[in-house]
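Here's the structure, in C-alpha cells; my notes come after.
The values are calculated or read from the model by the stated rules, or taken from the named source; none is laboratory data. In this text the structure is predicted, and so the values were computed from the model without any measurement. Here the Cβ positions follow ideal geometry from the backbone for every residue, glycine too, while neighbour counts run over all protein chains shown. Keep in mind that these areas ignore ligands, DNA and RNA; they rest on the heavy atoms of the full protein, side chains included. Shrake-Rupley method; radii C 1.70, N 1.55, O 1.52, S 1.80 Å.
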Amino acid sequence: MRIMKNISIITFLFFAFALQLKAQNVEVPLRFDNYHDNQQTIDAIIALEKAYPKLANRILVGKSDEGRAIWALEINNPNTGTALSKPGVYVDGNIHGNEIQATEVCLYLADYLLKNYNSIPRIKKIVDENAWYIIPISNVDGRFHFFQDPNTMNSNRGLRIARDDDHDGLFNEDFPDDLDNDGNIVEMRKADPNGMYRTSHEDPRIMVRVKPGEQGEWTKLGNEGIDNDGDGRINEDAEGYLDPNRNWGFNWQPDYVQRGAGSYPTQGKSIRDISHYLIARPNIIVAFAFHNYGGMFLRGPSTGDQGELPQQDIKVYDYLGVNAERIVPGYKYLISWKDLYGTYGDFTDFTDNLIGSYGFVGELTLSESVTYKGVTDEKNKTEFSGAYERIKFNDHVAHGTLFKEWTKYNHPTYGEIEIGGWVKMSTRIPHPFMLEDLVHRNASAVIFTAENTPKVSLELISKEKIGNDLYKVRLRLSNSKAIPTMPYSAYKNKLYPADMLKVSGVKVISGGEIQNIYFNKVNYKEFKPEVQFFYIPGFETKEFEFLVSGGNAKFEYSSRKAKNQSLNVSVK
Ligand SMILES: [Ca+2]
Ligand SMILES: [Ca+2]
Ligand SMILES: [Ca+2]
Ligand SMILES: [Ca+2]
Ligand SMILES: [Zn+2]
C-alpha cells in the first residue's frame, strides 16, 4: 500500500516535471506546425514578452467564468510614442471554443511582427507607427475544454455558464459521452432497413440519404452518447449554448430572438472584460476577430434592420475587404447579414457602433482546401462528392487520422450500433501541415489594414500680412492612408470628440475650413475660431485659414485614433 502510494507520488512528480518541460518547449520564434493548447498559448505569450521586452507587453485582460486568465499581448515601440498616441490595431481569436486555428493567427501575427522588426522595413514601420492589441484566446475556457474534453469539431463553442437547455430543472446534466474512449465525439448509426440513409457506392464509410423508393440501410442516431439523466433524451443538455458572439453590448436580443444570447448583454465575464479592454483603448481604429470556417472577411451590419452603413464607410471597407480577398485566395469579402445570416449582439456591430472603429470577422478555413482534388470530375459530381473528396484527403493526405472507422458498439438504449465519423481535429480545423500558409496570409491581411491606418501630416501652406498686426495663415492636414481619422459613422453620431485643430500663442480673429482655395472661400466658424472640429477621410486633405495677430503661433492637431501633430509658426 505504502509502496503503491510512493510510486504514485513519484509518477505524479514525473508527470509534473514532464509538463513543466513541455511548457518550456515553447520557444521564440514560435512554430506553426502544430496547435498550441491553452497552456502553450500562455507560454508563447510569455516567451514573446521575454524575447522582446522593449516592444512586447503581456496584459491581463480579465478572467473567464471558470477563472482562467485572458491575456493580451500588446506591441508598441515606446521610442516612437505611447501606445495610446498611435492608431490601434486590435486582433483576437477563438471566441468560439472549437475555433482553435484563430488563436494561431494571433500568435503568428505577434511573432511575425516581433521577429521581423529589425529585418523587414515595412514591418518595422507598422510596429513603430501602430499600437497592437492582440488577444489570442477570447474564450479561454472554450479552448481549454476543446483540447481537454472529448468533442466534435462543432461542439464546445460557448461560454461556461451553466444553463438548463432542456428546462428540466437540471444544469448541464447530459453531455455527449466518449463511448469508445478515443477523445472524440463522433457519430452513432444503427443498421435499419427502414433508415433514411444507405452506404455510398463510392466509399463504404460515407452514408447518403436515400431517394424516395430506395432501400435504406442506416438510421443516424446523432453524436456519441447515452441518456445520462434518464429523461428519455440523449445529449440534450451539455455546457449550455451561451454564444459569446451573440452577446456583445450593441444590437442585442434575448435568446428567444437570437439563439445563443445570454440573459443580458455581455453576460459572461470574458465578454465584459474584453469590452472594457477595448473601451479603455480609444485609439483602436481597426478590429479583427478570427473564427474558423468559410473563407470570409465579414463586415457589418450584422442585421438587415439597421440599414446599410454610410457610403463614406463602405468605401473604406471595400478598399480593405477587396485587398484582403486578394491576399487570401478563395476568401470572399462579404456583408454579414446580407451574404451570410443576421446575428444580434455581434462583435462588428459592437466595434462599429460603440468603439467607433472598422471591424472584420475573419472566417478561416476554406472547405475547398480540405480536398483530394479531381477524385470526382465535374461530370460525375454528386451531392456527396465533397464528402468523397474529404475522405480521400483523409486517406492520402492526412493518412487516415481524420476519420474514425465505423466500429460496433453495444449501446444501453439502442442495442447493437456502430460508432464512427469525422474526429474533433478535422473538417473545420486545418491539418497542421496547412496551418502556416493559412496564418501567414491572414496575418498579412491584417498587416495590409494596419498599413492603411490614418497617417496625418500638418504643414504650412502660406502666411501673409494683410493689415496692421493682422496675418492670414493657411495650413493643410493630409491623410495619406485609406482609413479616415475616425469612421464617418462615429463622426456623424458624435460617438466621441472629433479631430481638433487648435491655435494658441496668438489672438485668433477668425478661422475656418477652406472650401475653395482659388476663390478664397472659407467656412468661418462663428464661435471659438481657434478650435476647429472635423475628421479627415482616407487619402484626403483638409485646409484651414486663420486670421491672427502677430506672435509665435502653435497649431495642434489632435485625434483619438490618428497620431497628434503640431506645428510652430512664427507669425510676423
Ligand atoms: Ca437540463
Ligand atoms: Ca469517441
Ligand atoms: Ca435532461
Ligand atoms: Ca438525457
Ligand atoms: Zn465562430
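Residues checked against (1) closer than 18 Å to Gly420 by Cβ; (2) of a type in the set (Lys, Arg); (3) at pLDDT 95 or above:
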position	(1), (2), (3)
Asp165	no, no, no
Phe171	no, no, yes
Asp177	yes, no, yes
Val186	yes, no, yes
Asp192	yes, no, yes
Met196	yes, no, yes
Glu202	yes, no, no
Thr219	yes, no, yes
Gly222	yes, no, yes
Mind checking which residues of region 4-39 are outside any loop (DSSP other than H, G, I, E, B), open to solvent by 40 Å² or more (accessible area, probe 1.4 Å) and modelled with pLDDT of 75 or more? Gln39
Any residue in region 192-207 that is touching a strand residue (DSSP E or B) at 6+ places or on another chain (Cβ under 7 Å), among the hydrophobic types (A, V, I, L, M, F, W, C), touching a residue at least 24 places away in the same chain (Cβ under 8 Å) and within 16 Å of ligand 2 (Cβ to nearest atom)? no
If you take the residues of region 258-277 that are open to solvent by 60 Å² or more (accessible area, probe 1.4 Å) and within 19 Å of the chain's Cα centre (by Cα), which of them is farthest from ligand 4 (Cβ to nearest atom)? His276
So, of the residues in region 244-257 that are crowded, with 17+ Cβ neighbours inside 10 Å and aromatic (Phe, Trp, Tyr), which turns out to be farthest from ligand 2 (Cβ to nearest atom)? Phe250
In this structure, does Asp149 turn out to be surrounded by fewer than 22 Cβ atoms within 10 Å (Cβ to Cβ), more than 16 Å from ligand 4 (Cβ to nearest atom), over 31 Å from the mean Cα position of the chain (by Cα) and not aliphatic (A, V, I, L, M)? no
Go through region 523-572 and count every residue that is within 30 Å of Val286 (Cβ to Cβ), of a type in the set (Phe, Trp, Tyr) and open to solvent by 40 Å² or more (accessible area, probe 1.4 Å). 2
Does Ala83 satisfy the criteria of being open to solvent by less than 40 Å² (accessible area, probe 1.4 Å) and within 25 Å of Thr351 (Cβ to Cβ)? yes
Kindly establish whether Ala443 is farther than 25 Å from Glu187 by Cα, in a helix (DSSP H, G or I), open to solvent by less than 60 Å² (accessible area, probe 1.4 Å) and among the small types (Gly, Ala, Ser). yes
I'd like to check something: does region 224-243 contain any residue that is under 13 Å from Ile95 (Cα atoms) and open to solvent by less than 30 Å² (accessible area, probe 1.4 Å)? yes
Are there any pairs with C-beta distances below 8 angstrom linking a residue in region 221-240 that is in contact (Cβ under 8 Å) with a residue 60 or more places away in the chain and assigned to a loop (DSSP other than H, G, I, E, B) to a residue that is within 11 Å of ligand 1 (Cβ to nearest atom) and of a type in the set (A, V, I, L, M), with the two at least 6 apart or on different chains, and if so which? Asp229/Leu170; Glu239/Ala162; Gly240/Ala162
Scope region 405-435; condition open to solvent by 10 Å² or more (accessible area, probe 1.4 Å), touching a helix residue (DSSP H, G or I) at 6+ places or on another chain (Cβ under 8 Å) and assigned to a helix (DSSP H, G or I); matching residues: Met434
Could you tell me how many of the residues in region 152-174 are within 11 Å of ligand 1 (Cβ to nearest atom) and surrounded by fewer than 21 Cβ atoms within 10 Å (Cβ to Cβ)? 12
If I filter region 201-223 for residues that are within 16 Å of ligand 3 (Cβ to nearest atom) and open to solvent by less than 40 Å² (accessible area, probe 1.4 Å), do I get at least one hit? yes
